[in-house]
Amino acid sequence: MPSLSVNAQRLWSAHMRMAEIGPTPEGGSNRPALSVEDAAARALLRQWCAELGLAEERDALANSFYRRPGTDPAAPAIAFGSHLDTVPTGGRFDGVFGVLAGLEVLRTVHEAGLATRAPLELVNWTNEEGTRFRPAMMGSRVHAGDLPLAQALATADDQGTTVAQALAATGLAGPTPPGPRDWSAFLELHIEQGPILESTGQDIGIVTGTVQARYFQITVTGAPSHAGPMSMDRRRDSLAAAAEVILASERVGIAGEPGGRSSTTWITNSPNARGAVANITRLHSDVRHESPERAAAMQAEFLAAIEEIAARRQVRIDVDPYTTFGPVRFDPGLAATLRAAAAARQMTTRDMHAVAGHDAVMVAAVCPAAMLFVPSIGGISHNPAEYSSPEHLARGAQVLLDAVLALAGPGR
Ligand SMILES: [Zn+2]
C-alpha cells in the first residue's frame, strides 16, 4: 500500500467552512439535531462527497452513509465517522472533526486514485448530542438496536416537535431501515474534550473503552403560592428543592473522584414567574464512573439524597433513570492497529478511557469499534472556545487514514 498524506490545510478549511453553518456570536456552532442548520450542514457534506463521486444513502432516522466501493465485492466495509449536530454552546470540532477527518480520508484516497480491497464508508450519525431529543447517541443507538426506531421517532423536543416531524420538516428521512451494515470495523476520531493529552504532550489518545454513565430526568413537584404572603414554613418551593438536588448531584461526583463525574446540566422551572413560588422544576442529571459498581453506588447515593430532600421539604421528586451506557471495551485488535499507525508516523500515544458518550460506544455492540482522540486545548468542549490546532487535527486524520488503508487492504 503506498503511503498517502492527508492535506492539513484542506482539513482545516473544511472545519472553518462547516463552522459558518449555525455560527454563534462567540465563534462557536449551534446546530441542533434535525434543525435547519443541521440540514444545511448535511447538504454541505453531501455536496463535498458528490464531488468525490460518492452518493449519499440515508436511513429512516437520517443517519447518512457515503460508500466508496472496494475491488472485492464480498469484502465488508471499513466505516468511520461521527456527528455534525452540536449542543447550543457547541464548538467547531466536537463530532465535526470525526466526520470531516473521514471526508479528508476519502478526499486523499480519491486524489491519489487509490483502489482498496474493502469498501470505505463515511458515516454522519443523527442526534449524537441528545440536547434537543433525548437520549443522546440516538442515531447510533437505533442502528445498534439499543432503542426501537418507533420510540425514537415519537420522541418530542421541549417544544413538542417529534423526531418524526423534524425529519419530515427537513426532508431528511431516508428509505433504508436502520440497523447493522456490512462493516468489519467502525473507527471514530474525536477531540479529547478533556485536558490529559495536552498536559502530557502526547499526540494521540487510543481509547480502549468508556465509563458507565447513568442519566436521570428529574421532576420536582411542590405547590404554587404567592412569594409574599405565604409563610416560609408552609411553602413547598420546587425551585429551592431543585437547588438542593443540584448541589447533591455535584457532591456525588466530587466524592466519586478520581474517576467519578456527575452533573446537572438542564433545568426548567414553572411557572417561572416573578412573584410566584415555583411548583414544578425539572432537571437533567447524570453520574459516571469507570467502574459500573461505583457508578451504581453513586446513583444510590444521589437517590438517597433526593429522598431526604423530598421528605424534609415536603415536595414530590420523581426520578426517571431513562438511559445508561457503558462500560464498553473497544476492540483490542483495532486499538492495536491505531496504535501501530501512530507509532509508524513517530507520534506518541496513550491509552485512555472516554468519559463522554460517543456513537462508537453504541456501534461497538454490533461491529468491532475503536476510537482515537486528539488534544483539546484546555480540555474545553461544549463551549465556543473549544480548540484543537490544525496540526492536532492533521495528525489524527493521518492516523485514521493509515489505519483505514491497513484494514481495507490494497485493491487489485
Ligand atoms: Zn461528539
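Below is a table of values for the structure above.
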| item | result |
| --- | --- |
| Count of residues meeting criterion [more than 26 Å from Val211 (Cβ to Cβ) and open to solvent by less than 50 Å² (accessible area, probe 1.4 Å)] in the stretch 310-325 | 2 |
| Extreme residue, farthest from the ligand (Cβ to nearest atom), among residues of the stretch 77-95 that are under 21 Å from Gly174 (Cβ atoms) and either more than 21 Å from the chain's Cα centre (by Cα) or not polar (S, T, N, Q) (or both) | Ala77 |
| Single match in Ala166, Ala74, Ala154 (criterion: farther than 23 Å from Gln193 by Cβ and in contact (Cβ under 8 Å) with a residue 60 or more places away in the chain) | Ala166 |
| Any pair with Cβ under 9 angstrom, 6 or more apart, that starts in the stretch 90-111 at a residue that is on the phi > 0 side of the Ramachandran plot and ends at one that is acidic (Asp, Glu) and outside any strand (DSSP E or B) | Gly95/Asp85; Gly95/Glu128; Gly95/Glu129; Gly95/Asp359 |
| Subset of the stretch 218-231 (residues that are outside any loop (DSSP other than H, G, I, E, B) and crowded, with 17+ Cβ neighbours inside 10 Å) | Ile218, Val220, Thr221, Ser225 |
| Yes/no for Val328 being under 22 Å from the mean Cα position of the chain (by Cα) and open to solvent by less than 50 Å² (accessible area, probe 1.4 Å) | yes |
| Selected residue (only one of Glu57, Glu129 is at negative phi, open to solvent by 10 Å² or more (accessible area, probe 1.4 Å) and within 16 Å of the ligand (Cβ to nearest atom)) | Glu129 |
| Residue count, the stretch 302-325 (criterion: more than 27 Å from the chain's Cα centre (by Cα) and assigned to a helix (DSSP H, G or I)) | 10 |
| Residue pairs meeting the criteria (Cβ under 6 Å; at least 6 apart or on separate chains; first of a type in the set (Ser, Thr, Tyr), in the stretch 119-146; second open to solvent by 10 Å² or more (accessible area, probe 1.4 Å) and in a loop (DSSP other than H, G, I, E, B)) | Thr131/Val87 |
| Selection count, the stretch 343-396, where residues are open to solvent by 50 Å² or more (accessible area, probe 1.4 Å), of a type in the set (A, V, I, L, M) and farther than 19 Å from Gly209 by Cα | 5 |
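Rundown of residues vs (1) part of a strand (DSSP E or B); (2) surrounded by 15 or more Cβ atoms within 10 Å (Cβ to Cβ), yes/no style:
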{"residue": "Gly145", "(1), (2)": "no, no"}
{"residue": "Pro178", "(1), (2)": "no, yes"}
{"residue": "Arg181", "(1), (2)": "no, yes"}
{"residue": "Phe186", "(1), (2)": "yes, yes"}
{"residue": "Ser199", "(1), (2)": "no, no"}
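The values are calculated or read from the model by the stated rules, or taken from the named source; none is laboratory data. This structure is a prediction, so every number in the text was calculated from the model and none was measured. Methodologically, a virtual Cβ is constructed for each residue, glycine included, from the backbone with ideal geometry; neighbour enumeration extends over all protein chains shown. Areas reflect the complete protein model, heavy atoms only, side chains present, ligands, DNA and RNA absent. Shrake-Rupley method; radii C 1.70, N 1.55, O 1.52, S 1.80 Å.
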